[in-house]
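Working notes, structure below.
Bear in mind that the values in this text are calculations on the coordinates, not laboratory data. These numbers were taken from a predicted model, which means no experiment stands behind them. In this analysis, Cβ positions are derived from the backbone assuming ideal geometry, glycine residues included, and neighbour counts consider all displayed protein chains.
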4 protein chains.
Amino acid sequence: MEIKMPVCFYFDLPLEADPINSYPIMDKKIGVGVIGYGYWGPNLARNFNETPGFNLKAISDLSQQRLDFAKSRYPSIDVFSNYMDLLNDPEIEAVALSTPTHTHFSIGMAALKAGKHLLVEKPLASSVEQARQLTEEAVKQKKVLLVDHTFIYTGAVRKLRELVEDGSLGKILYYDAVRVNLGLIQQDINVLWDLAIHDLAIMDYVLGAHPRAVSATGLAHPGKHESISYITVFFDDNLIAHVHANWLAPVKVRRTLLGGTNKMVVYDDVEPSEKIKVYDKGISVSSSVEDVYKMLIQYRTGDMHAPHINASEALRTEIEHFHDCIRKGEKPLTDGAAGIRAIQLLEAASLSLKKRGEPIDLNL
Amino acid sequence: MEIKMPVCFYFDLPLEADPINSYPIMDKKIGVGVIGYGYWGPNLARNFNETPGFNLKAISDLSQQRLDFAKSRYPSIDVFSNYMDLLNDPEIEAVALSTPTHTHFSIGMAALKAGKHLLVEKPLASSVEQARQLTEEAVKQKKVLLVDHTFIYTGAVRKLRELVEDGSLGKILYYDAVRVNLGLIQQDINVLWDLAIHDLAIMDYVLGAHPRAVSATGLAHPGKHESISYITVFFDDNLIAHVHANWLAPVKVRRTLLGGTNKMVVYDDVEPSEKIKVYDKGISVSSSVEDVYKMLIQYRTGDMHAPHINASEALRTEIEHFHDCIRKGEKPLTDGAAGIRAIQLLEAASLSLKKRGEPIDLNL
Amino acid sequence: MEIKMPVCFYFDLPLEADPINSYPIMDKKIGVGVIGYGYWGPNLARNFNETPGFNLKAISDLSQQRLDFAKSRYPSIDVFSNYMDLLNDPEIEAVALSTPTHTHFSIGMAALKAGKHLLVEKPLASSVEQARQLTEEAVKQKKVLLVDHTFIYTGAVRKLRELVEDGSLGKILYYDAVRVNLGLIQQDINVLWDLAIHDLAIMDYVLGAHPRAVSATGLAHPGKHESISYITVFFDDNLIAHVHANWLAPVKVRRTLLGGTNKMVVYDDVEPSEKIKVYDKGISVSSSVEDVYKMLIQYRTGDMHAPHINASEALRTEIEHFHDCIRKGEKPLTDGAAGIRAIQLLEAASLSLKKRGEPIDLNL
Amino acid sequence: MEIKMPVCFYFDLPLEADPINSYPIMDKKIGVGVIGYGYWGPNLARNFNETPGFNLKAISDLSQQRLDFAKSRYPSIDVFSNYMDLLNDPEIEAVALSTPTHTHFSIGMAALKAGKHLLVEKPLASSVEQARQLTEEAVKQKKVLLVDHTFIYTGAVRKLRELVEDGSLGKILYYDAVRVNLGLIQQDINVLWDLAIHDLAIMDYVLGAHPRAVSATGLAHPGKHESISYITVFFDDNLIAHVHANWLAPVKVRRTLLGGTNKMVVYDDVEPSEKIKVYDKGISVSSSVEDVYKMLIQYRTGDMHAPHINASEALRTEIEHFHDCIRKGEKPLTDGAAGIRAIQLLEAASLSLKKRGEPIDLNL
């Protein structure tokens, strides 16, 4: 799948001109190590193992049990309980990081300083400041930094972006995402950093617009992390986005509504096949009483179309893109800047949530 | 269906003791007139016509075409283009009002002053102040004032209330309602007063709790009414409610999630039969890494139960309740106070929406 | 909605050339009476009352309670407990019959002999022989005979027919209909004559093909009517149709699959809006092992399209068509021949069912 | 998960008393080889690799490409293009066979004669005669023969069996299964042997009843395999079962209805969480006209209950059961007799299908 860059970014890191485009094309496979083999690490390892351009060399984890499990799947790799041992292997040129969020900064900095290309599970770091330093270090080291905003690499989200970009929806009026299910109350991060970040990253990619302010509310039990959040993002030109993320819901919902003046879209990630439905429905402002009755009875006003969606595994596409970026010396689609933008929204939302919805301006 | 009163109201009108309980029991049918025969009026007329205790006597509307239509259905009734003619009929003891919201106050006051019992389509009036005056006038006239919060009379909402009241859900954590579809951009009122009011009224009845503040965001095109709104209502004891109302959605969603510490409920009004689903799911806070994996794989943690729901038409139940209240001289379930509470929330939400989510305290 | 005739009928009654086309165009409304005011009669009466070309004059039913109910709705009509009184009214030119099936023949014959146009609830009669006599009597009396195969007048079924007729599905491979729910075990007729007839009539209209044989199985408790039936209809050219009708199902299913060599259709009548979905999916015969894996992983192979469906009430469309046929002296779309064809299939299926699926040739 | 044997089998192979119960308990892992690494083989290999009691030793396949793929996943195993080399390895005590159906007999016989325990992908063989010989050879060799009727090992099917067995459904009236999707027109076998066998095996296990006759219809293009089939199975005591299997459907349906006199069940395997729904619905035979109206309006008559279903991977449960049977010398739940019973139904259905539904008696 060819990766096209979105047309507009609201954050532009004041960096030197493309720092990594002089990277030589290599013939041999890129040696890669995975740090953190908990929930997400096995998916990273499997995809690296099955992607021809990579050679999975090592896995590190604090738990010996997880290392034994990794070794049983990949008998030929090295396993380390200390990630520094992995970073010290000169044959490992790239590292994927899937450890708890609060460790991303220190391990990520160590990896970059050790001269490794870096793929980091979302969120990139625990704060905008940390994310910015990681991004700058990657530039300094001339290494690729890819943030694992996995959904950006799904066929469905790319189709959403395409529908916005080619103008077929008309002017976008709103973006509304719901991501709820019965999740684990995590010790490390709250529902914003765990679930809402997915939709904020998708929204950033699909809309390609510059947010101006954030208002958020939610449920924060004293002494515990937020488990429900409602985030409104205000853009220019009367566009709004809303994300509802909830760990305490009895059913799994993954549904995004995207309304334009010409057409409207439902993106339902729980649907096995028709994930994207485009409705030929618009807005009719009626002043006639008779029209009111007619409209209320005749609900649907046009056809619905569900385009065929590429069903490739998103993480595979992402890892192939990581490979291409390393080979060609290019910036990834989900680069450090994308990681920073997501965290800027999270920080503003967290602040607003504590103030019961008070709007927080984004000074970007 | 027997009507039980909710246990708690956060608004208590400083009225004299039950003003209408001295009303005599009558043997003959109650003469009733319907003012406004647009979208909702025909439903009111049909139910009055088919409810044994009422005698549909007259309908008034400004449109001669609507009156002709009414007359073709009910050849024996009187039709009036001036509602005052209807109010002057001494055989009409009760009036149902289904005219545009901004006329509720003046026509409603006229009806009460003419000594009629009054059923008013939601919202009760255009402001808290108007709603309060109508309520006080009903007390003064010793007449029944019923606000047509129709959903309160559905089997599904009554079951929700029952589940909260009998403690089977545990402590309530959150209430989350979505009511979206492609609606008509109305000239008269915005999406809060048209759609969100339904959920605010249901929430008021089901939770029976005292709201403390409101934060709302939404989409308000300049010079037009709001067509999308997100409303968070803050209660004491860390309880929150959220309502998403949207006229610009390509699909119809009517779904409420209600989370308790013991069980969680989905109320889906679009479902033809299983409108209420009770999930035996709770919250598990895990600190063990292995539990994390297990939890994420084993998603459902208990049984689901969909109780049988009474499928009687809500409006019929409501009109029978209106009849009983007139006969017995009792306050209806959805009385003037309920109408006022809903409008208090709408006014606070409208104000917050204009301030991009700034929380508005409710001084109730 | 304009009514087009299907291109092919497998049954052609040997009648004289169009016997009713000399009927004069009348200016005044057609007086109509409804015989049988049980479950379906009120729908007929309501639609006649609201269709401008008809004047609902009278209703007859054996039950005084039903007549009282009818009178309360339509105070100006006559009500009769003896249908002959209704037939004797010279101002009644057309009659709709919604009595139990076994009475259709005698009452229908009386109505035709009294010179009335006749609309008969499905099934037209209790046997092919009776249906044939009714059809012939209508020809003899030069009256319109319309069989109330209501679904033929829905927007969804007309769209199905259109998709077959214009060739967009390619060659039709199969027709598969499921119509199940928890129904009442009726005293009068079994599930074939109650439910399966709907799908056999739709199949007849949509395919426009000549059936050659029928095999049916089912559940027939001794001394009771069949409550489950599976009917296979064999056509020429390797086309088959299957109908599953079941009164003992816990859920309501109304789903038809229609497979063509180019495209495939799902018609789901329970869906509120997208009743017809056209899938751009074909058949791929693969001999390569690698293709097998690819196909099984990449399930969807094309887009899906849900055309906008006319949501008018089918019975209204049918009654307007009845009116037009009377006015213009034309044969209705669902004429006596259509009624006979449906009963031929029911009789063959009933016989096969008793013989545990033994195929019954249709000598049509 | 503990495996309980069903109470009743309609086929009892005239074998000697339990021939394998003298097998010694071993401490070391059981060496296992997989023959056939096409679509299903990788799932078998993965589960053997991850089940502690087994040691995956070798994989054989005719395709070098598939062997390379296997080796990349499991670098330490042996790979063979000739399955005899695998069978000659004395450290391999058990073999799983996932080759095309027509090869099951010859390879399976070779494996048993080589003294291997045998797990065979469904269907066990190409004919009852072959299946019987394989079963007898397993008895003779005192080896475990397990037929891979995978669904029997799902939590959902085990729950279905439990509901039938404990009498909570009442007397079973019917079993109705639909298994349709857009599949590949296979070169090797038709839709009966590919899809319908799943439901026949589930039906056999869940009902535990003795079928008496079969009627089947379907679509068989000349010179090609059947791609659509409708199979009715007749049991004693007025019980029927029906299976609809279709490779040419645009949507994936996996739904079974199971009707009892007390309760009814929907088993929907496409549902992510609530796969089994138990409806507290019965049959009401009404003779009153008024009841008819009431019944038709008040559709649901009781609660619905969705029990929590064990979500373990079925193949893992099956392979652990294979292990336990080898260790303890016990007959598996899906033994040779179950494999034979399924093929008896397939053979009868194939014959009936060619005769357009003529019923075929089963002489079992």
Problem set entry | Cα-based reach from residue A:71 at 16 Å (exclusive), listing lysines while leaving out same-chain residues under 8 positions away | A:57, D:71
Exercise. With the Cα gyration tensor of the range A:243-286 giving a ≥ b ≥ c as the square roots of its eigenvalues, does the rule (a/c under 1.5 for rounded; else a/b larger than b/c for prolate; else oblate) give rounded, prolate or oblate?
Worked result: oblate
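What does the extension gain come out to for residue D:68 and residue D:261, with contour length at 0.36 nm per residue minus their alpha carbon separation? Could you put the intermediate results ahead of the total?
On the way: separation 193, 0.36 × 193 = 69.48 nm, distance 5.54 nm.
Length gained, residue D:68 through residue D:261: 63.9 nm.
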Exercise. How about residue A:275: which aspartates and glutamates have a C-alpha closer than 15 Å to its C-alpha, ignoring those fewer than 8 places off in the same chain?
Worked result: A:162, A:313, C:303
Exercise. Counting other C-beta atoms within 10 Å, which of C:73, A:327 has the fewest, and how do the rest follow?
Worked result: A:327, C:73
For this session: Please provide three numbers in whole Å: the alpha-carbon extents of chain A along the principal axes, with the largest listed first.
Result: 76, 48, 42
Exercise. Based on the Cα gyration tensor of the range A:67-141, what are the three equivalent ellipsoid semi-axes, each the root of five times an eigenvalue, rounded to whole Å and given largest first?
Worked result: 24, 14, 9
Problem set entry | Relative contact order of the range A:61-126, pairs being alpha-carbon contacts under 8 Å that are 6 or more residues apart, as % | 28
For this session: State, to one decimal in nm and shortest first, how far the label point of residue C:29 sits from each corresponding label point in the other identical copies (label point: 7 angstrom along Cα-to-Cβ).
Result: 2.3, 8.4, 8.6
Exercise. For the Cα atoms of chain C, what angle does the longest principal axis make with the long axis of helix C:197-207, in degrees from 0 to 90, nearest 10?
Worked result: 60
Exercise. Between residue B:312 and residue D:236, what is the label-to-label distance in nm when each label sits 7 Å out along the Cα-to-Cβ direction?
Worked result: 5.0
Problem set entry | Under 27 Å, Cα to Cα: Lys pairs in the range C:106-238, sequence gap 8 or more or different chains | 13
For this session: For helix D:41-50, report the angle its Cα long axis makes with the longest principal axis of the Cα atoms of chain D; keep it between 0 and 90° and round to the nearest 10°.
Result: 80
For this session: Given the options A:110, A:45, A:245, state which has the largest fluctuation in a GNM of chain A using a 10 Å cut-off (strictly under) for Cα springs.
Result: A:110
Exercise. Relative to the other copies, what are the label-point distances for residue C:328, with labels 7 Å from Cα along the C-beta vector, expressed in nm at one decimal and sorted shortest first?
Worked result: 5.9, 6.3, 7.6
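Net charge near residue D:148: determine it from the other residues with C-beta under 13 Å of the C-beta of residue D:148, scoring Lys and Arg +1 and Asp and Glu -1.
Computed value for this residue: -1.
How much net charge surrounds residue C:87 when only other residues with a Cβ under 15 Å from its Cβ are counted (Lys, Arg +1; Asp, Glu -1)?
Around residue C:87, the charge tally is -3.
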For this session: Counting helices only, and only those DSSP H runs with n ≥ 4, report the 222 nm mean residue ellipticity of the protein assembly as shown as the sum of -39,500 (n - 2.57) divided by its residues, in deg cm²/dmol to the nearest 500.
Result: -9500 deg cm²/dmol
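Determine the sum of side-chain charges near residue C:358: Lys and Arg each +1, Asp and Glu each -1, restricted to other residues whose C-beta is under 13 angstrom from that of residue C:358.
Taking every Cβ under 13 Å from that of residue C:358, the sum is +2.
Kindly work out what percent of the DSSP beta bridges joining two residues of chain B are antiparallel, to the nearest 5.
Expressed as a percentage, antiparallel bridges in chain B total about 55.
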Exercise. What is the range C:169-281's relative contact order, in percent, from Cα pairs under 8 angstrom and six or more apart in sequence?
Worked result: 37
For this session: Would you kindly work out, in nm and rounded to one decimal, the distances from the label point of residue A:82 to those of the same position in each other copy, ordered shortest first, with label points 7 Å along Cα-to-Cβ?
Result: 5.2, 9.8, 10.9
Seminar exercise, completed: For the range A:193-279 (alpha-carbon point model, no solvent) the Debye-based log₁₀ I(q)/I(0) at q = 0.17 Å⁻¹ works out to -0.83
Problem set entry | Cross-link reach list, aspartates and glutamates versus residue C:29, counting only Cα pairs under 20 Å and skipping chain neighbours closer than eight places | B:68, C:50, C:78, C:89, C:91, C:93, C:318, C:320, C:324, C:330
Exercise. Based on the alpha-carbon gyration tensor of the protein assembly as shown, what equivalent-ellipsoid semi-axes (square roots of 5 times the eigenvalues) come out, in whole Å, largest first?
Worked result: 56, 47, 28
For this session: Would you tell me which residue of chain B has the beta carbon closest to the rotation axis bringing chain B onto chain A, and how many whole Å away it is?
Result: B:357, 2
